[in-house]
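A short worksheet on the structure shown next.
The values are calculated or read from the model by the stated rules, or taken from the named source; none is laboratory data. Just so it is clear, the structure is predicted and the values come from calculations on it, not from any experiment. All Cβ positions, even for glycine, are placed from backbone atoms using ideal geometry, and neighbour counts span all protein chains on display. Accessible surface areas use protein heavy atoms only, side chains included; no ligands, DNA or RNA. Shrake-Rupley method; radii C 1.70, N 1.55, O 1.52, S 1.80 Å.
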Amino acid sequence: MSKPDSKPIKIYPRLTSGRFNNLRVAMVVVTQLVFFGVPWLQWNGRQAVHFNLAEHHFLIFGISLWPQDFIYLAALLVVCALGLFLWTTLAGRLWCGYSCPQTVYTQIMIWIERLTLGDHIARRRLDAAPASVGKYAKKGLNQLLMLSFSLWTGLTFVGYFTPMRELAVLDMGPWDLFWTLFYAGFTWLLAGVLREKVCLHMCPYARFQGAMFDDHTLVISYDEKRGEPRGKAQARSEEPVKGCIDCGICVQVCPTGIDIRHGLQYECIGCAACIDACDQVMDKLKSPRGLIRYTSAQALQGKPAPARSLHRPRVAVYSCLLAGIIMLSTTALVLKKPFKVDVLRDRASLVEQTDDGMLQNRYNLRLINTTEQPQRYRLDVDGLPGIRLEQPGQIVAVKPAQTETVAVRVQADPEHATRGAHTIHFVIRSLGDDVTIREKSSFIGE
Ligand code: SF4
Ligand code: SF4
């Protein structure tokens, strides 16, 4: 990678328009519709996506996840990471350019700035202007709008953990308030103040993404063969323009202030603003588009892409890992039992004797209904001849996605429950869907 230009301290990116800009705007709209909209969705009368940390229970469109299920969330994170690696190998920094939250929120903050302070020239002039009431009124309004948007973002973020409909009427506890303000401040600081500095100096992904690239990875590149020698003379020439006229617009639109004509640089976040800008210049000059374009190192050298350009070692490894993890976790999710049982021995009383001479142990059974319907469970026990519950065939009702803990007493004949621990099983049958779980435990004899 070549050395970047020395950059001004503050960057005032020029507005662009074009197909990639439209795509970026569409991604901002889609991601924000999802982020702001999902906490308002209801599913079977409850918030559709709710990460209830207090009760260690995550609810995602009817799928209940308890601490025992966090392996699925871990699998989801691994799938996202591998998906990002695969995507980067194939198409470079598309994630950074179009859907990374830092890019999306910076884009929104720049829109607010354009609304309140004007275009890149007006903003630069305002910063250079002497202090005045008008200047600070404009800047104050800009900050007020950015902070209001950040607060809305913070409130929505907390809405994934505390019911959104309660937060919306400001029915919140001190921790909800703390996290709302924290996330709002974080959004304002990263997207409203630091902006491209986060990508340049704080994001680790920018540093190691190069390791995922190969000669066929699509990256945004300047076609040096076509563009050079550059110069404004080309624009004045009678000959049709082919190369770069050195207008500098591709640099003016760059949100990180680099010159793509110096080659691939880690500061390039892949936003494609320079492609749109250069395409517009080429359109005006009636020259073919694509002096800056998505292309691969291989294609830039004039070598044809191999017929099977997807058959590359990195692509194959990431694809196989991804497919394997998705298949395994989907199968496990489909086969997941609709309820869970935890057995806890009551350690306060080991062995008791009943009036009819039986030995008795006490347990707490924790029944977790992971479905969206109320369920009834029948409790039984086996493992020793004549072993029984104090209430044989006891039925316990558990509400949808709720947990119920019941205290049970198990009684066994001392003739069979001799001194020491005996393996027994609690047999819990869900009456609705006829699923049975056998949970191992031990019975202490006299
Ligand atoms: S926008 Fe295109 S023509 Fe203008 S300086 Fe950049 S590469 Fe050259
Ligand atoms: S060089 Fe082009 S693609 Fe890279 S950050 Fe700048 S404008 Fe975006």
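In the assembled protein chains, residue 186 presents an accessible area of approximately 100 Å² (probe radius 1.4 Å). Heavy-atom accessible area for residue 358, with the other protein chains in place and a 1.4 Å probe, reaches approximately 30 Å². In a simple Cβ point-charge model (Lys, Arg +1; Asp, Glu -1; nothing else charged), the range 19-210 has a dipole of about 980 debye relative to its Cα centre. Per residue, the convex hull spanned by the Cα atoms of the range 140-204 amounts to 92 cubic angstrom. The string of couplings for the range 56-62 from the Karplus curve (6.51, -1.76, 1.60, θ = phi - 60°) is 6, 9, 10, 10, 10, 6, x Hz, one whole number per residue in order, with x for Gly and Pro.
Highest mean packing first, where packing is the average number of other Cβ atoms within 10 Å per residue, the peptides 406-414, 125-133, 68-76 line up as 406-414, 68-76, 125-133. Only one residue of 178, 66, 131 has its Cα farthest out toward the positive end of the dipole of the range 56-191, where Lys and Arg carry +1 and Asp and Glu -1 on Cβ, and that residue is 131.
Think of the range 306-446 as a dipole: +1 on every Lys or Arg Cβ, -1 on every Asp or Glu Cβ, centred on the Cα centre; then among 377, 402, 317, 317 lies furthest on the positive end.
Note that the chain presents 53 Å² accessible area per residue, ligands and nucleic acids not counted, probe 1.4 Å. When a/c reaches 1.5 or more, the comparison of a/b and b/c decides; with that in mind, is the range 19-210 rounded, prolate or oblate per its Cα gyration tensor? In terms of gyration-tensor shape, oblate. Dipole of the range 212-300 computed with +1 at Lys/Arg Cβ and -1 at Asp/Glu Cβ about the Cα centre; of 288, 264, 274, farthest Cα towards the positive end is 288. Charging the Cβ of each Asp and Glu at -1 and of each Lys and Arg at +1, and nothing else, the dipole of the chain about its Cα centre rounds to 2280 debye. Given their separation in residues at 0.36 nm each and the Cα-Cα distance between them, residue 91 and residue 202 gain 37.7 nm when the chain is fully extended. Of all complete DSSP H helices in the chain, those with a Cα span along the helix axis of 15 Å or greater and a mean Kyte-Doolittle hydropathy of -0.5 or more are 19-37, 70-91, 101-117, 133-158, 174-187, 273-284, 313-334.
In terms of its C-alpha gyration tensor, the range 339-445 comes out prolate, because a/c is 1.5 or above and the ratio a/b outweighs b/c. Calculated [222 nm] ellipticity per residue, helices only, for the chain: -11500 deg cm²/dmol; basis is -39500 (n - 2.57) per DSSP H run with n ≥ 4, divided by all residues, nearest 500. So how strong a dipole does the range 163-253 carry about its Cα centre when Lys and Arg Cβ are +1 and Asp and Glu Cβ are -1, to the nearest 20 debye? With only Lys, Arg, Asp and Glu charged at Cβ, the dipole is about 280 debye. Diffusion of the chain by Stokes-Einstein, at 37 °C in a medium of 0.692 mPa s and with Rh set to the Kirkwood radius over alpha-carbon pairs, works out to 120 µm²/s.
The fraction of accessible area contributed by carbon and sulfur in the range 376-446 is 43 percent, rounded to a whole number (1.4 Å probe; ligands and nucleic acids excluded). Taking only the Cα atoms of the range 212-300, the radius of gyration and Dmax are 12.8, 44 Å.
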